[in-house]
Amino acid sequence: MRLKIITTILFVGLMLFLQTQKTVATQITVSQDGEITSVQDGINQAQPGDTVFVKEGRYVEYDIRINKRITLLGANNAVIDGDNQGFVVVVEADSTVIKNIEVHNSKAGFMDDYAGIVVEGAHNVRIEGTKLVDNFFGIYLAKSKGTVLKNNHITASRKRETNSGNGIHLWYTKDVEILDNYVAGHRDGLYFEFVEGAFIAGNESENNIRYGIHFMYSDHCRYERNTFRDNGGGVAVMYTSNVEIVDNHFADNWGSSAYGMLLKEINRSQITGNTFTNNSVGLYMEASSRNNVQGNEFIQNGWAVQLMANSTDNKFNKNNFVANSFEVSTNSRMNYSNNFDKNYWSQYEGYDLNRDGVGDVPHRPVRLFSILVEKQPQSLLLLRSLLVDLLDAAEKFMPVLTPETLLDSKPQMEPVL
Amino acid sequence: MISIKKLRKDFGPRTVLNELDLKIPAGQATGIVGPNGSGKTTTIKSLLGLVKPTSGDILVDGKLIEGEWQYRNKIGYMPQIARYPENMTIGELFQFIKNMRDSDTNRDRELLEYFELDNEIDKRMRALSGGMRQKVGAILAMMFDPEILIFDEPTAGLDPKSSVQFKRLVHEEKKKGKTVLLTSHIMSEIEELTDHLVFMVEGNIRYDGPMHELMERQQEQRLEGAVAKMMEETAA
Amino acid sequence: MKTLTILRYQWKDLLRGKWIVGYGLIYLLIADAMIRFGNAGPKAMLSISNIMLLLIPLVGMIYGALYLYQSREFTELLLAQPIDRASLFWGLFGGLAIPLALAFTIGTALPMIYTGMILTANLQSILLILMLGIALTLLFTGLGFWFGLKFFEDRVKGLGFALVSWLFLAVLYDGLVLLAVFTFGDYPIEKPMLAMALANPIDLARITVLLEFDISALMGYTGAVFSRFFGSMMGVSVALSCLMLWLGIPLWRSQRQFEKKDF
């Protein structure tokens with residue numbers, strides 16, 4: 001009797017167990033030597049909610065359409081190779097997940113924005129742990145909401161701006177999260193146009209042909225802990241309001257128009273806790289107003305800050321300016337209510353007699369020499385000569401050419417951070 | 001044996017030595033006399049390599065001295081105005097030159113005692129009187145026992161007693177068979193110390209021969225008279 | 001061997017003069033202060049190098065000439081001794097230049113060591129500054145010797161020449177360059193400018209410092225000539241070989257002069 005009950009329970013349990021397995025998902029396996037040898041076939045045979053598992057191997061396929069809610073999962077070294085024929089993977093269904101797969105060689109061209117993975121009009125897509133190699137565009141999101149890109153590794157080796165697309169390209173998206181990706185060798189590492197409310201954190205973007213990150217008309221985004229290094233033009237942020245740029249690292253952007261970060265028509269934004277190291281120009285601001293630049297570190301840049309006179313009402317407080325060739329330069333004697341206070345300037349030559357940690361005389365971060373260099377760039381070669389130091393000292397004593405009101409009246413004696 | 005052949009030295013447009021030919025015999029003492037600016041010191045400095053001749057050759061023991069320096073091992077030189085590094089003591093100076101010449105002679109001790117300088121050995125050069133410096137110069141010239149001794153106005157700053165001491169020392173060196181070359185304004189000193197005489201005027205040699213021959217020729221008892229006569233002849 | 005004997009004596013004499021100790025102390029105080037106020041980073045090194053670029057040429061040239069005058073007796077004494085003039089020359093030069101270089105190196109390095117900066121800061125920058133200081137010391141002491149020998153009979157002239165040369169190389173020369181830039185700014189003057197800078201040893205050393213600390217700014221320059229020059233190994237190697245030339249030529253000329261000179 002007892003035995004019977006136990007057997008019945010076990011049997012029912014087993015049946016229930018198998019039942020649940022079946023209703024949760026079916027896995028369809030694509031492999032080089034199995035029944036299904038094409039990724040597209042695998043997707044076609046899958047029901048919404050199924051997982052298409054791609055086994056190790058190289059699958060030469062392009063224009064693969066994901067038109068139902070599935071998970072595309074790759075084994076190690078599962079490579080979909082577009083063979084320069086077209087798009088590689090096109091996501092059309094909401095809540096699609098692409099994980100762990102490698103996507104190579106999309107077509108390059110001028111007529112279409114060919115890409116390794118395209119998400120167009122699909123929402124809540126998740127792309128994670130993929131590796132994209134030598135695609136025209138890497139991951140291309142258009143008209144997508146709530147999509148997440150995480151831990152993707154996106155590289156390209158095309159050399160010219162014209163035959164290279166962007167690593168991560170966002171166009172008309174909302175509430176997207178871009179986390180911990182690595183992008184290198186594309187035209188722009190990350191590109192945002194008409195994006196709203198994106199959260200971009202922990203990404204690394206380097207050695208791209210144009211910008212490490214390039215964003216325009218993208219309000220209410222937050223950039224955090226990203227690293228942008230050695231990109232052709234650095235980082236460009238334009239025509240946007242209410243951006244938070246926090247704790248990022250901008251480094252090693254060298255060139256005549258390379259900026260750690262270029263701000264153009266940026267308003268009411270927070271730029272805090274970032275470090276700008278070894279850039280030709282650390283932070284460039286043009287026609288930008290009411291921004292709060294606070295707690296950043298500018299170390300060994302050619303120009304720490306270039307502030308164009310059409311920028312107004314910006315606050316530069318509690319930043320560290322250390323060993324830059326030029327601390328601040330501008331293009332006019334006018335300074336429209338930009339406020340520099342409580343920063344640490346390593347070029348400050350004043351004193352602190354009452355030992356309250358604040359210099360007793362104001363600091364003028366705009367050197368006469370930076371104006372000379374602006375007029376006649378060749379004179380840069382005279383940097384750090386005694387002559388130039390004497391000229392600067394005279395100008396600091398009695399400003400004639402430098403903006404009189406651009407000064408820090410509370411220069412810190414010790415670094416702030 | 002020192003021979004000088006067609007030695008010429010110009011300082012700018014001024015010719016100081018004019019195709020000088022001269023043999024300074026070994027083992028004898030030769031005195032060079034002549035009016036101021038006649039080229040005595042320049043001749044000596046050329047011999048030492050301090051002055052580089054414009055043309056001509058100088059041979060010491062049959063060897064050209066141009067570009068050479070080892071031959072100076074055979075020479076001791078006492079300059080006209082002795083100048084030494086001011087901060088050095090006498091002892092340090094001697095030790096330094098000994099190191100330079102790789103020598104461990106003790107003769108400097110003897111000579112210091114002889115000149116009664118043995119208590120001054122720790123004095124710095126700047127603290128020494130002119131006479132003392134001259135004595136130091138004399139010791140430096142003689143302490144390494146060189147074959148050739150060159151003295152340029154050696155007794156100019158010495159008191160009579162030291163002067164006598166110095167001359168006695170030169171006599172001794174002569175007896176040892178040293179070649180001595182000496183310039184002086186004091187004719188009695190030349191007469192007393194040398195056998196061979198060279199008389200120079202404006203870079204030319206007017207007389208070169210044994211001293212007694214000159215005096216015989218000029219029918220004078222004293223060298224001073226003979227030289228004075230010769231100067232008058234030149235001026236005339 | 002004889003050169004070594006001379007060196008040993010010279011050094012002893014120099015130490016007795018205390019001057020060289022004072023010179024080293026100046027660097028010690030400066031480096032110490034700069035590290036204290038400059039937070040041991042690149043700022044301190046920049047300040048040290050700025051001072052080095054001014055002080056070393058001045059002291060090297062003036063003291064180089066002065067030293068020759070001061071050791072005239074010593075020189076004359078030795079010339080009558082069995083020693084060749086080349087050994088004597090290098091003995092005299094090493095007798096001054098090596099202690100000067102050592103005073104600078106020790107004076108600058110000591111604060112870096114006891115503040116621990118040597119561990120935290122960029123070692124390459126530290127080494128560059130020390131090497132540059134040593135090269136400048138040798139170079140300008142050599143120039144000072146040259147002036148001293150050229151005007152051996154006239155101290156005032158020799159020292160005056162050294163002082164004026166310093167003023168010219170340290171300030172006026174750059175003024176001329178700046179003037180040229182603003183006069184001919186519309187023409188491609190990058191190459192002549194580089195040539196002008198390489199022709200002045202102080203500028204040469206200054207540009208080497210720029211290459212280390214201001215490369216970000218230099219690379220921000222729009223002209224291709226500069227970025228090609230500074231962006232490649234070419235800049236460093238051309239600057240270094242010019243520095244070597246500047247080091248060699250005055251010394252070579254001085255030695256020739258010394259060997260032919262009448263004393």
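What follows is calculated from the coordinates using simple rules that are stated; it is not laboratory data. What you are looking at is a predicted structure, and each value in this text was computed from that prediction instead of being measured. As a convention, Cβ positions derive from the backbone with ideal geometry for all residues, glycine included, and neighbour counts pool all protein chains shown.
The table below gives the values:
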{"item": "Size of charge dipole - the stretch C:2-260 - debye, nearest 20, with Cβ of Lys, Arg +1 and Asp, Glu -1, no other charges", "result": "540"}
{"item": "DSSP H segments from chain C that extend 24 Å or more along their own axis, Cα-based, with Kyte-Doolittle mean of 1.6 or above", "result": "C:123-150"}
{"item": "Chain B: relative contact order in percent, alpha carbon pairs under 8 Å with at least 6 residues between", "result": "27"}
{"item": "Residues whose placed amide H lies under 5 Å from that of A:V54, excluding near-sequence neighbours", "result": "A:V30, A:L73, A:G74, A:A75"}
{"item": "Tail fraction, Cα-Cα pairs, chain B, threshold 32 Å, whole percent", "result": "20"}
{"item": "0 to 90° range, to nearest 10: angle between helix B:130-142 axis and chain B longest Cα axis", "result": "90"}
{"item": "Whole-number percent relative contact order across chain A, with pairs defined as alpha carbons under 8 Å at least 6 apart", "result": "6"}
{"item": "Binned Cα-Cα distance frequencies in the stretch A:26-232 - 10 Å width, integer %", "result": "10, 39, 36, 13, 2"}
{"item": "Tilt relative to chain B, helix B:90-100 - C-alpha long axis, 0 to 90 degrees, to 10", "result": "70"}
{"item": "Kyte-Doolittle at least 1.6, axis length at least 27 Å by Cα - qualifying DSSP helices, chain A", "result": "none"}
{"item": "Antiparallel bridge percentage (DSSP; both residues within the protein assembly as shown; nearest 5)", "result": "15"}
{"item": "The stretch B:5-13 - phi-based ³J(HN,Hα) in whole Hz, Karplus 6.51/-1.76/1.60, Gly and Pro as x", "result": "10, 6, 6, 10, 9, 10, 9, x, x"}
{"item": "Choice from A:M261, A:M398, A:M216 with maximal GNM fluctuation in chain A (Cα, 10 Å cutoff)", "result": "A:M398"}
{"item": "Rg/Rg_globular for chain A, with Rg_globular taken as 2.2 N^0.38 Å and Rg from C-alpha atoms", "result": "1.26"}
{"item": "Per-selection metrics, the stretch A:21-74 (Cα): Rg and Dmax in Å", "result": "10.6, 32"}
{"item": "Spin-label zone in the stretch C:45-67 - amide nitrogen under 18 Å from a point set 7 Å from the Cα of C:T120 along the C-beta vector", "result": "C:45-48"}
{"item": "Choice from C:A103, C:A86, C:A65 with maximal GNM fluctuation in chain C (Cα, 10 Å cutoff)", "result": "C:A86"}
{"item": "Shape category assigned to the stretch C:2-260 from the gyration tensor of Cα positions, a/c cut at 1.5", "result": "oblate"}
{"item": "Linear extension gain, A:K315 paired with A:K4, 0.36 nm per residue minus alpha-carbon span", "result": "103.9 nm"}
{"item": "Placed amide H near B:L149: partners under 5 Å, 5+ positions off or other chain", "result": "B:G76, B:T179, B:V180, B:L181"}
{"item": "Flagged links, alpha-carbon separation over 30 Å, of C:K12/C:K260; B:K74/C:K261; B:K63/C:K260; A:K318/C:K43; B:K123/B:K176", "result": "B:K123/B:K176"}
{"item": "Positive dipole terminus of the protein assembly as shown, leading residue within A:S269, C:I51, B:V198 (C-beta point charges)", "result": "B:V198"}
{"item": "Value at 222 nm in deg cm²/dmol, rounded to 500, when DSSP H runs of n ≥ 4 in chain C each add -39,500 (n - 2.57)", "result": "-28000 deg cm²/dmol"}
{"item": "From the C-alpha gyration tensor of the stretch A:40-160, square roots of 5λ in Å", "result": "20, 16, 13"}
{"item": "Pairwise centroid distance, computed over Cα atoms, of the stretch A:221-237 with the stretch C:97-165, Å", "result": "44"}
{"item": "Most mobile of A:R333, A:R210, A:R229 in a GNM of chain A (Cα contacts under 10 Å)", "result": "A:R333"}
{"item": "Pairwise centroid distance, computed over Cα atoms, of the stretch B:17-31 with the stretch A:40-70, Å", "result": "114"}
{"item": "Dipole axis of the protein assembly as shown (+1 Lys, Arg; -1 Asp, Glu on Cβ), positive-most option in A:L283, A:G146, A:T240", "result": "A:L283"}
{"item": "For the protein assembly as shown, alpha-carbon Rg over 2.2 N^0.38 Å", "result": "1.48"}
